[in-house]
Each structure stands twice: as structure tokens, then as C-alpha cells.
Amino acid sequence: MTNPAPDLSVADVTKRFGGLVAVSNVSLSIRGGRIHGLIGPNGAGKSTMISLISGALRPTSGQITFAGADLRRLHPASIAQLGVARTFQQAAPLLGLSVMENVTAGMHLHYRSGIASVVFRLPNMRREASAFAAASKQLLERVGLADAAEAQAGTLTFGKLRFLEIARAMAMRPRIMLLDEPAAGLNQPESERLAGILRGLRDEGIGMLLVDHDVPFVFDLCDEVTVMDSGRVIAAGDPDSVYADPVVREAYLGSANEAV
Amino acid sequence: MVDFARRPVEMAVLVLIVAGLIAVPFGGSRLAVYSLTITALYAIVVISLNLLLGLAGQASFAQTTFMAIGGYGSALLTTRLRLDPWLALMLAAVGASLFACIIGVALWRLRGHYLSMATFALALGTYSFANAAAWLTNGTIGISGIPPLEIGGVTLDDALSFYILSWGCCGIVLILALLLANSHIGRAWRALATSPEIAASLGIDVPRYRLLVLVIAAVIASVSGSLYVEFTSFAGPDLYDINIVITLFLMLFVGGRGSTVGPIVGAGFLIIVPQMISGLERYQNLVFFTLLLVVILVRPSGLFGAADDTIPLRTLLPNWILLPGFRR
Amino acid sequence: MGLTLAIGIATGCVYALVAVGYSLIYRTTGVVNFAQGGDVMIGGFATWWFFAVAGLPYPLAIAGGVAVATLIGLLLWTLVVLPLWRRRSPPYVVLLATIVFGAIVGNATLLLLGTLPQTLPPWVPGLAFTFEGNRIDGQYGLIIAASLLSLMVFGAVLRFSSLGRAMRACAASRDTSQLLGISPERIGALCFAATAALGGFGGAMITPAQFTSSEVGLTFGVFGFVAAVLGGFGSLLGALVGGLLLGVVNALVGRYVSSNYQTVIAFGILLLLLAVRPQGIIGKQWEET
């Protein structure tokens, strides 16, 4: 594995919305080159966790650190610039932009050329533009969307939108990826393709937090799993022991297995 | 503006416009040259509004404020401080960019309603101020006797030279807009226009890019404002009243938000067509405003705009007309 | 000084009527209706026309003026705001549309009824009262009384009637209220009509004290808007507070500084407010849509 990303650690984080406690004293670590699964029933606070780490929400208490930086004080854009990418639970393409442009938008933070270079069409700007365009094409091929490159993002099917989310997040060349239900709505072959992509990212040293409801998907893929219920962590550890944990079975896996 | 190279209709229209512009001074009347010069100066501002609104989605009503900074700036710096007109134009533009920074930072948190209303208040306040602050602006009387521009010893005080200057500037501004729109900067603007949250999650510094487009639009509007008062040798409050605020939007909407030739066509349409209809003067504002309402309601994308098609008429009518007896 | 205060409070009351309109419409439909001020203008002007040109008795003329204003408000809703609202157009488009509509009404009035400012006779001729040794026109007192009365009635209806409850439901959520069997479109129509009537009434009241002309609409629209933001946009009590405060400040500026600067200072206040404390004096945090 190429050099793994530094750890992103969440320590004792709580989030209150007025009287409602969405997340309570949650700790977890996202390690480079490993996929960390986060599961739990609806309303357990999983998506809130992603929003807290990505900076969309500010924790009421606790610490979130990555590569020596305190993420609590930072805006989402700054956190993204540090190398933390996220996908959204509801597919969130940039409508009005094409598929290709969505991916290239993800590369925005790598552009070095400024407004002067753009206005005078300096060589460095042209070099960057073509380099990033080529890189975007490659990313689209990697996720299987190469033939849809020119299509308007709003016209894609739900499954393809999920892959677009992933490609756009990958375009950021992140160190850490926060994936909010990336497999939701995908059929079996698509899930497998997604799993393959995520394994590839893991081998590149990226650390991932994977939130999803698809239990086999999660347990197959993840190196460690944390289980949340009603805002608290009820179990954490390697997949096998978590899967066997009676508390987890009671709270979540029992009902999840019925649905599956 | 994006992917202009792939829109043959707009390219063809642009070619026609350029051809027409070259032909007019040879065959056309002095009135035609004059009107087209005014068209160019307005088109410049509408292009800046197009960047601001059509590309970056910032609903700012305050472009007239920056036109006023350019106009009054040039007027005051040349008449009171006796500065060279080109220097005055540049200083006014710098002033406009500074003011845009202040406004942008002060209002950067505001979105949607807030931004529209704050900038609308700014535009109206500019007009009031121009009228009230007679010690600075000469109030309703305005400032006249503005010395003309010179290029290389040639004084630009005749119709043809200003025609060339205005359209030259318009061309430069258009090219600038196209370059920006088709770059990663333009893509960042379109991203934040669609969804500031998603844009931020991609590492795009949204406040910085909003400020950038505001400043660029302000500078362009200021330059147009300066050129306008240089052309007419006069600066007065009525150049920046609410009718102008609305007219700028009308030009953009009619031409098509986000399109390349839309601003020019929209400006031309609204300046030339009224002249062709005699007896319109008294009713001009009324007709214009009604036209804008119709465009907003029925064909929001204008002539060359993207996305929405013509809205079907039945969605415009209230339910009780179409479905008698319908009660919720 | 007494006269200045009286003018300030009286015009402030009319600003409050307009401000209440802004807040109410914003709360129930999410629209900022910049044509509000036009209702004040139309109320005054139409009343003048019914009285001075058509020769109707004064009370009937006032009723006519209010009716015309109400009609304009309904027209605005039905023809302009409703189609955009249904399409969920971006806020600035609706704002622009209301601004343009207001401009159309102003221009049409200018063409139909002429550019001369007009006035009306006072409601109770000869009525006056003294304050600090000054004799103050009774009309101001009537304006204050009538405005406060109408605002109280308005507030009572809103709080205690089923209609008021329906309006508050729409304010909370357009889609949910539909599920509850409330028609947001009819509520919207009602709001626009009611606020137009209120504004028109204000116009009929203030015209005897000042003049009215076709440009007055923009002034009242702007000042009413500043008042609404000052007090807290969306808050009805804030509209009243903001209106009175702005009216007094305006009158003081007009008297002791210069009437030219009234509008500029009003805008300065507005910009400062929006930059520093957008929720106004009383308002809670204004939700971003």
C-alpha cells in the first residue's frame, strides 16, 4: 500500500439541537488504508456524524482532529482542502453542469492558476485545464461513466448518480472519504462494482468512513465496524465480533436481517 | 456563455452583429450610430450582470451603484481635480472595486432574499444620495462639461470615434466574460450558483468566489459608467434611478440569462425598438415594465437563454378559471 | 417639536401598516412584496378621484379607494405572484416581479390621473389639539388612532380566528398545510388582498395630511420595508415598532437636518441593519430559504 493517510480521530463528540441529542459521546477513528463501517438504525445519528466531521455541523462538545488540525473550527471548504471528501445521502450532483464538469469541479482545489492566468490564457492555465480534463476522463472511466461524460448531471439515473458522487469525491484526491450510503439503491452488480472501487481506494492509502444500511455490503468490505443507536456507540471493533455481538443483534441486526 | 463554441446559433448571431456594426457607420444615420453607442455601453453592464446573475447566481440589484461610482467618479475627478480622463476612469474603477469589497464582506452572509433586498436598497439609496448630496454631485442639476477622452492625441469627441471605442470595450468585456465562464473559475461560480453547500464540500471557498464575481462585475459596470458620462459629457442622478435598475434586468431577461449574445441583443432590442415606434415616449416605461413581467412569466429564458422553455399558459391562470367549482 | 413628533408618529403608523403587510405576506407565502407601497398610493389617489372627480360623498370615496387598492393587491397575487409561486421561482425573480408590478401601477396612475400631487380634505374639519403649546392638525391624531385600531383588529383576527390559524399554518409550511386541507393559494390571495386594503386605508388617511402623487408608492414601499426589517421581518409587533421608530427618526431628520437626506438615511439604516443585525429589533433569526 502506498503511504496511508493520517488518522482522523473523533473523540467524545456530542451534538445537541436544542433539546434533542443527536449524537452522544461518540468516539471513532478513521485510519488511512482502512475502511471503517458505521451502521445503525435510522435516526441513530450516522449522517449527523458525517456532517460533524465534514464541518457542515459544529459539535456541541468533543474533539475532531485530522493531520494535526482541529476540524471543529474550520469551514467545510477548509476541511475539504485538507483532504477530507464527503458524499451526500441524497444524491447531490451539481445540476446544470455536465457529468464531466461535476468531476472536474471536484478537482477545483488543485488548480493553481489564478484569474490573471485565465484572462490572459497563460500557458500554466492551459496546461492545468487539459491535464485536469484528462484526469476527469480517467476517473469517469474508472467508475464506469465514461460514455455519459457530456450528459447533463440531472438526467442521470439514480444508480449512475451514486457513481458520479464517488467520482467527484475521488477527483478531490482526498486522504479521507466520508461515504453516506453510497450503495443505497444500487443493484447487485452495481454494488459489487462499487465495492471494487472502494477496495482500490483503500489500497491507495485512503481512509474511509462508510455509512450504509446494506449489512452484507458493509461487513464484507470493512476492516472495522462501529454500531450506533440513538446517538450512542453500542459496539465497535472488527466485523466478526461486532456481527456476533448480542447487543448489536438485538438493536439492529435482528430487524435488518428481517428486511434483508 | 459556457461552451459557446458549441452553440452555432449564437455564433451566427454574433457574426451578424459584428457585420452589422461594421456596416452601420457607412450607411446608417447619425441617430443610428448614437443609439448603438448607447447600446454598447448598456450591453457592457448587462454582460457584467450576466456574470453575476446568469453564471454565479448572485441576485444583486446594485449594478447601478457601481455605474454611478464610475460616472460620478469620472465626472468629479476630471472637473474638480482636473485629472486626465483615463486616469479618472481607472481610479473610479479602483474605487468601485473597493466599494464592492466592502459591500461583499458586509453582506457576505446574506443569501437569497437578503442579498436581493440589500442590493436593491443600495441601488435606490445611490439614487437618493445622488439627488440629495448636492455638495458632491450637484444634486438634480448634475455635473456637466466633462472633458473628453483622448487616445494618442486624437480627441474622442465625435460620434464615430466613441462608437468604435464603446464597441471595442464591449468586445473586450465579452471576451473576458467568455474566458472566465469557460475556466475553472467559471465552473466554481456555476457550482456555487447551484448549491453553495455542495461547492463548499468540494473545497471551493464560496465567500471568496462570491466576492470575486461581485468585484469583477463592479469594475465592469464602473467602466461603462465612466464611458457613458464621457460620451454625453454629463453625469446626473437620473442615469441611476429605479427605471434603469429594472431596465438592466429586462435587457438580461429578454436576451437570455447565461447566454453569450443575450446581453447585446437584449440591450439593442430595448434601445432600438422604442425608437422605431413613434409616439411611445410617454408610454415607454409602462410598455417596458409590462414586457418584463410577460417575459418573467411566460419565457424566463429569454431569446437565447438555457433551460426553461416557454411556460404553458394554463399554469399562469388561477385554478378557479379553469376548473369551475373546484374547492380544496 | 410637537408638530414634528406628531407627523413622525402619524407617518410612522402608515409605515407600520405597510410593514405589517410585508411581514404578513412573507410569513404566509415566503414572498417579499415590494409593490406594497403602491397600495398606499392607490388608496390615496383613488379616494381623491372618487371624491374630487366622480363627486362621491367622502366616506364612500374612501371605501372606493380601499376597494381599488384591494383589487390591485388581488391582481398582483393572481396574475403575477401565483404563477411564479407555483413554479417555485427563485426569490429574486418574485421580488423583481413585484417591483416591476409596482412600477407599472405607478406609471399607469401617472398616465391616467396626471402628475399633479393631490390632496383630500381632513376627516373632521377643524379638529385640532395642542401639544407643548403647538396646535396640531387633528388628522394626525385620527391616523394614529385608526392605525392602531386596525392593527389591533388585524392582530386579533390573526391570533384568535380559524382563518388566522390557517394563515399561521401556511407560514410554517406550504406543503404541510395543503395536506391539512388548507389551500395556500387562497390564503395567499387573502393575504395580498388584506394587506392591500390595509395599505390603501393608510393612504386614504395620510393624504389629507400630506399630498399624494404617483411617486409616493415607492417612498412608502421603501420606508415600509425598512420599518419591517428594523422591527424584525416577519414579526407583526416588530412592524409596528419599526414603523413608529422610523417615522419619528424620519421626521426628526427632515426637520433638523434636511428633507433631502431622509431617504438616504433610511437606506443607510437598512444597509447597516442587514449587515449587522438582519433579524431586527424584535425579530427572531430569519430562516434562509
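Side notes on the structure shown:
- Set of the stretch A:57-83 residues, backbone N closer than 12 Å to the point 7 Å along the Cα-Cβ line of B:Arg208: A:77-79, A:81-82
- Dipole moment magnitude, nearest 20 debye, the protein assembly as shown about Cα centre, only Lys, Arg, Asp, Glu C-beta charged: 720
- Short-range pairs are left out: with C-alpha atoms under 8 Å and at least six residues apart, the relative contact order of chain B is 30 percent.
- Pairwise FRET efficiency - B:Asp238 versus C:Met152, Cβ, R0 = 51 Å, nearest 0.05: 0.75
- DSSP beta bridges fully contained in the protein assembly as shown are about 65 percent antiparallel.
- Rounded to the nearest whole Hz, the Karplus-based 3J(HN,Hα) values (6.51 cos²θ - 1.76 cosθ + 1.60, θ = phi - 60°) of the stretch C:93-102 follow the sequence 5, 5, 4, 4, 4, 5, 4, 5, 4, x, with x at glycine and proline.
- Cα-based equivalent ellipsoid, the stretch B:4-285: semi-axes from gyration tensor eigenvalues, Å: 28, 24, 18
- Net charge dipole size for chain B [Lys, Arg +1 and Asp, Glu -1 on Cβ; Debye, nearest 20]: 980
- Taking amide H atoms as placed 1.01 Å from N in the peptide plane, the amide H of B:Leu156 lies under 5 Å from those of B:Leu149, B:Glu150, B:Ile151, each 5 or more residues away in sequence or on another chain.
- With each label modelled as a point 7 angstrom along the Cα→C-beta vector, the C:Val257-C:Leu272 pair spans 0.9 nm.
- Residue with peak Gaussian network fluctuation, chain A [Cα springs, cutoff 10 Å], from A:Ser78, A:Ser51, A:Ser130: A:Ser130
- 5 angstrom amide H check on A:Gly96, placed H, neighbours 5+ away: A:Ala153, A:Gly154
- Per-residue Karplus couplings for the stretch B:181-190, computed as 6.51 cos²θ - 1.76 cosθ + 1.60 with θ equal to phi - 60°, are listed in order as 5, 8, 9, 5, 5, x, 5, 5, 4, 5 Hz, Gly and Pro entered as x.
- Amide H contacts of A:Glu224 (H built 1.01 Å from N, under 5 Å, at least 5 apart or other chain): A:Ile35, A:Gly37
- Beta-bridge orientation, chain A: approximately 55 percent antiparallel, per DSSP, counting only bridges with both partners inside.
- Couplings for the stretch A:88-97, taken from phi via the Karplus curve 6.51 cos²θ - 1.76 cosθ + 1.60 with θ = phi - 60°, read 10, 5, 7, 3, 10, x, 7, 5, x, 10 Hz in order; Gly and Pro are left as x.
- Selected from C:Val222, C:Val257, C:Val94 as most flexible by GNM, with chain C as the system and alpha-carbon contacts under 10 Å: C:Val257
- Computed [θ] at 222 nm, helices only, for the protein assembly as shown once each DSSP H run of length n ≥ 4 contributes -39500 (n - 2.57): -19500 deg cm²/dmol
- Cβ-derived FRET efficiency at R0 41 Å, C:Arg165 paired with A:Ser241, nearest 0.05: 0.15
- Extension gain (nm, one decimal) between B:Val154 and B:Ile17, 0.36 nm per residue minus Cα-Cα: 46.6 nm
- At q = 0.28, 0.30 Å⁻¹, base-10 log of I(q)/I(0) for the stretch A:97-155 (Debye sum, equal scatterers on each alpha carbon): -1.08, -1.16
- Take the convex hull of the alpha carbons in chain C; its mean projected area over all directions comes to 15.0 nm².
- The residues packed around A:Pro59, meaning those with a beta-carbon under 12 Å from its beta-carbon, carry a net charge of +3 if Lys and Arg are +1 and Asp and Glu are -1.
- Among A:Leu210, A:Pro239, A:Ala251 the positive-end extreme of the charge dipole of the stretch A:200-253 (Cβ point charges): A:Ala251
- For the protein assembly as shown, the fraction of alpha-carbon pairs in successive 10 Å shells from zero, as %: 2, 11, 19, 21, 19, 15, 8, 4, 1, 0
- Within the listed set C:Phe233, C:Phe192, C:Phe101, the residue fluctuating most in the Gaussian network model of chain C (springs between alpha-carbon atoms under 10 angstrom) is C:Phe101.
- Once Rg and the Kirkwood radius are both taken over the C-alpha atoms of chain A, their ratio Rg/Rh works out to 0.99.
- Charge tally in the Cβ shell below 13 Å around A:Glu192, where Lys, Arg are +1 and Asp, Glu are -1, A:Glu192 excluded: -1
The numbers here are math on the coordinates, done by the rules we state, and not lab data. Small disclaimer: the values here were computed from a predicted structure and weren't measured. Note that each Cβ is placed from the backbone with ideal geometry, even for glycine, and that neighbours are counted across all protein chains shown.
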